[in-house]
Amino acid sequence: MTEKLYLLGTKGSKRKEFFEKAAGECQVPVEFIDWTEAERADLSGGVVKIDPPSYTTSDLLQMNGQVSAYRSQLRGLENRGCVFLNTPSGIESVLDKFSCKKKLMEHGTAVTEMISEEVLKAEEPGRADGAVERLKDMMCRCQASSVFLKPSYSSGAAGVVAYRKFPGNGREAAYTSCCVSGGELVNTKKIYRLEQREEIAALLRSVLSLGVIVERWHPKASYQGKSVDLRVVWQFGEMAFIVARQSSGPITNLHLNNAPLDWRKLGLAEQVVMEIRCLCRDAMKLFPGLLSAGIDILLEKGTLRPRIIEINGQGDLIYQDIYAENTIYKQQVGEMRKLWNRSI
């Protein structure tokens, strides 16, 4: 019986190119289905890997709408008579940053903590200043002079703001990869540092219109004078790949011209590595629909205690792997074959 293995994704993407390369090297046939064809594709009896669609805008308000459409597409994949590597509901469960982080915190998982159990949002454009004041009041009540603001639904640092209000002198600073341009909140691939209060206020008003979670800004460990954290790809019960990410500022995403680093150069003690492994293992148990995920890990400055920053149900594209052994995708191809054999 011919294996029915499918990759659902976007034509021309690096994900498609290197997953198909892995399948070819493993001599496993995989059929590609573009997102434009997903609704009418016959997936019955197959094993499916879901890759994310490509977003076609840099306007974060429009991107919010595209993410909402993607969530609807995920729900439309349920009950299609197939087996998923990562289920649609599993992917959506961590796409929602608020519910994901809340679940982790409720189960005592070490995370970068939300300082409020609410999504902070400017309900109407004209009330955005009120949302900024609520943010500052929230920071004061929680004694958090430095926070991260993250849109509830986003990826790749889109719309993320690291905001600091210096106690005593009233100075402010913000780091972000987005900017307000022509009345639009535009996502870029460059990190900006803002210090002018008016600029920061305009940025905060725009970002709060998206609806954000507010997290405490935990100081990160450093390497050679730069902040560093980890992206762990966890799949099939183990750490499949780790890459360290270096930045001169607080936002470390690699597509923002930050530097990847062989994590072994950090010289982490075996006890720290074991803590990271246990943290990832226990977190993944809370999301049984995910067999593979990218988990961002902060190492606390000084103690090196690991904390989960966020979980990405489609965080498996690691350039340091695909341009080397391509082990992540080869493992996935092998697991899909096992799932197929168990399903027949």
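The values are calculated or read from the model by the stated rules, or taken from the named source; none is laboratory data. For clarity, every value in this text was computed on a predicted model and none was experimentally measured. Here the Cβ positions follow ideal geometry from the backbone for every residue, glycine too, while neighbour counts run over all protein chains shown. Accessible surface is based on the protein model in full, side chains and every heavy atom, while ligands, DNA and RNA are left aside. Shrake-Rupley method; radii C 1.70, N 1.55, O 1.52, S 1.80 Å.
Approximating the spin labels as points 7 Å out from Cα along Cα→Cβ, the Arg305-to-Glu39 distance works out to 4.9 nm. One chain, two ends: Thr57 and Lys285. Fully extended at 0.36 nm per residue, the span grows by 78.6 nm beyond their Cα-Cα distance. Taking the DSSP beta bridges with both ends in the chain, the antiparallel portion is around 85 percent.
For the chain, the Cβ-based charge dipole about the Cα centre amounts to some 620 debye (Lys, Arg positive; Asp, Glu negative; other atoms uncharged).
To the nearest ten degrees, helix 327-343 and the longest principal axis of the Cα atoms of the chain are 50 degrees apart. The label point for Thr109 and the one for Glu199, both projected 7 Å from the Cα toward the Cβ, are 3.6 nm apart. The Cβ shell under 13 Å around Arg342 holds other residues with a net charge of 0, Lys and Arg each +1, Asp and Glu each -1.
Averaged per residue, the chain has 46 square angstrom of accessible surface, using a 1.4 angstrom probe with ligands and nucleic acids left out. Angle check, please: helix 197-208 long axis (alpha carbons) against the longest principal axis of the chain (alpha carbons), in degrees 0 to 90, nearest 10. For helix 197-208, the angle is close to 40 degrees. On full extension, the segment bounded by Ser146 and Ser99 gains 14.7 nm, given 0.36 nm per residue less the C-alpha separation. The alpha carbon centroids of segment 300-332 and segment 169-205 are separated by 29 Å. Straightening the chain between Arg71 and Glu133 buys 19.2 nm, computed as 0.36 nm per residue apart minus the Cα-Cα spacing.
In the chain, the calculated helix contribution to ellipticity at 222 nm averages -10000 deg cm²/dmol per residue, counting -39,500 (n - 2.57) for every DSSP H run with n ≥ 4. Counted by Cβ distance under 15 Å from Glu78, the other residues give a net charge of +1, where Lys and Arg count +1 and Asp and Glu count -1.
Near Met274: Cβ cut-off under 14 Å, other residues only, Lys/Arg at +1 and Asp/Glu at -1. The net charge is -1.
In the complete set of protein chains, residue-level accessible area for Asp262 is approximately 60 Å², probe 1.4 angstrom. Measuring with a 1.4 angstrom probe and ignoring ligands and nucleic acids, Phe18 comes out at about 10 Å² accessible. Share of carbon and sulfur in the accessible area of the chain stands at 48%, probe radius 1.4 Å.
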